[in-house]
Amino acid sequence: MVIQIRYPFKWEKILFVVLSCGLSAPALAQPLPELIDSALLRQPELMALEKEYQAALERAPQVSQLPNPEVGVGGFPLPVETRLGPQLLRLGATQGFPWPGTLPGRAELENTKARAVYEQIAARALELRYELEQAYYQLYAIEKRQEILRRNLPLLVSLESTALAKVESGKASTADVLRVQIRQEELEQELAILQREALKPLAILNRLLQRPPATDVRMAGELPPARLPFRQDSLLAAIRRTHPKLRQLDWQQEAARQAMRLNELDGKPSFGLGADYIFVGPRNDANLNANGRDIVQLRASVSLPIYREKFEAKEREEQLKIAALEDRKQDLNARFEAAVAQAYADFETAQLRLELYARQRRLTQSAIDILQEAYSAQGRSFDELLRLESELIEYDLKRLSAVVAGHLAVARINQLLWNQ
């Protein structure tokens, strides 16, 4: 059996790696805050919620006006005779008036409901920001993973050249060369896979940015290890105070309380004022003082809400709403506390892993330096050298994953914080 060994010109592979890096390098970095601002400004969903809020504000003028006045006209097929003459035509107008404070109460209630709608905008903005940050860090991880693999390809090319020289001098086996070549092919295949995996977070980013799916998003340099500039207890207090979903529930409770106050006002009497003008024809059979004088009649009315069951049922309904919303607030607070605890645990785990991988990488690099000298001089320990080279790549990749995990943990915490 004849084993054929590839004898590549190493500068060819190095040129391939350099060109690959050059083709993927960003011409102009796009910082993450800039992308977030751009996405939130262009997001149709937020624009739709803003229009819904503006529409909700238009409810207050609709419910805070007096009822439409009623105007009527009446004729007399059989005229009613009066002393001054027959009644010919009646014109009347009536204006209703609710109990004082009812109309402002209705407007206040609708404005409060609109504030609850407004908080949906802020809540959705936080979710969209987290979606974008998550996709950004995923894309960053893929691109940096590619860089790490490309950076290590020249090391394998150099190791392959050393193995070829040892084979030619009879100090090593051809299996050493084949193992290096297999490892090179694995890295090249992994690069091709990563190139396709990058399309998924890229499509999410471009969807949020309202751009075609394949539009290039340029990463902004190296991410430093993430930092948490706040304590967990103060963070939870800020979340309870500022999170839009909790504020939305607060406004909904306030709307229920205002509905109860309005229900009390609706249970009060309402009033009506009116006037009638009656046209009177003159009498022909007598000559009277003020003969045919028209009639003016003033009217007042009171509507008495004596059937109370509907008002009592409305009171119970709003009380149940307040209690249900309080349960929702407790559930949300518990969810937020759990999310913060998980995010802090992930962040601290990422920091510990960063320290571990940094130490392991230093030790592995020292071992590689020693083994490379031994292999160059005597052709020994090639398997161990190749294994350590692979471990070195893995430590770089694990460190990258730890950095990204730390930033994702911070992003999950920021998802719960609303800075007005």
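The values are calculated or read from the model by the stated rules, or taken from the named source; none is laboratory data. This structure is a prediction, so every number in the text was calculated from the model and none was measured. Methodologically, a virtual Cβ is constructed for each residue, glycine included, from the backbone with ideal geometry; neighbour enumeration extends over all protein chains shown.
Reported count of residues in region 359-370, each being surrounded by 17 or more Cβ atoms within 10 Å (Cβ to Cβ) and of a type in the set (D, E, K, R), is 1. Among the residues here, Val71 qualifies as modelled with pLDDT of 90 or more, over 21 Å from Ile204 (Cβ atoms) and outside the structural domain of Pro201 (by TED's automatic domain parsing).
Working only within region 283-300, note down all residues that are under 26 Å from Ala93 (Cα atoms) and either under 50 Å from the mean Cα position of the chain (by Cα) or loosely packed, with under 12 Cβ neighbours inside 10 Å (or both).
In the first step, residues of region 283-300 are kept if they are under 26 Å from Ala93 (Cα atoms); the result is 290-300.
Answer for region 283-300, where residues must be under 26 Å from Ala93 (Cα atoms) and either under 50 Å from the mean Cα position of the chain (by Cα) or loosely packed, with under 12 Cβ neighbours inside 10 Å (or both): Ala290, Val296, Gln297, Leu298, Ala300.
Which of the residues belonging to region 200-229 are surrounded by 13 or more Cβ atoms within 10 Å (Cβ to Cβ) and among the hydrophobic types (A, V, I, L, M, F, W, C)? Passing the criteria: Leu202, Ala203, Ile204, Leu205, Leu208, Leu209, Val217, Met219, Ala220, Leu223, Ala226, Leu228.
Among the residues making up region 123-138, those that are more than 8 Å from the chain's Cα centre (by Cα) and either surrounded by fewer than 19 Cβ atoms within 10 Å (Cβ to Cβ) or of a type in the set (S, T, N, Q) (or both) are Gln134, Gln138. Of all residues in region 307-358 being among the hydroxyl-bearing types (Ser, Thr, Tyr) and within 30 Å of Pro224 (Cα to Cα), which is surrounded by the fewest Cβ atoms within 10 Å (Cβ to Cβ)? Ranking the qualifying residues of region 307-358, first place goes to Thr349.
Within region 262-272, if we keep just the residues that are assigned to a loop (DSSP other than H, G, I, E, B) and of a type outside the set (D, E, K, R), the residue that is nearest to Ala122 (Cα to Cα) turns out to be Gly267.
Is there a residue being of a type in the set (Gly, Ala, Ser) and not assigned by TED's automatic domain parsing to the domain that holds Arg207 anywhere in region 135-143? No.
Only residues that are under 28 Å from Leu46 (Cβ atoms) and touching a Lys or Arg at 6+ places or on another chain (Cβ under 7 Å) were counted across region 131-155, and they come to 0.
Has region 309-322 got at least one residue that is basic (Lys, Arg) and over 38 Å from the mean Cα position of the chain (by Cα)? Looking for residues that are basic (Lys, Arg) and over 38 Å from the mean Cα position of the chain (by Cα), one finds at least one in region 309-322, hence yes.
Close Cβ contacts (under 6 Å, 6 or more residues apart or on different chains) running from residues in region 398-420 that are free of Cβ contacts under 8 Å to residues at least 60 places away in the same chain to residues that are in a loop (DSSP other than H, G, I, E, B) and surrounded by 20 or more Cβ atoms within 10 Å (Cβ to Cβ) are absent.
Each residue in region 179-196 was checked for being under 18 Å from Glu160 (Cα atoms) and surrounded by 14 or more Cβ atoms within 10 Å (Cβ to Cβ), and 7 of them qualify.
Among the candidates Ala275, Ala259, the residue that is within 27 Å of Pro67 (Cβ to Cβ), in a strand (DSSP E or B) and not hydroxyl-bearing (Ser, Thr, Tyr) is uniquely Ala275.
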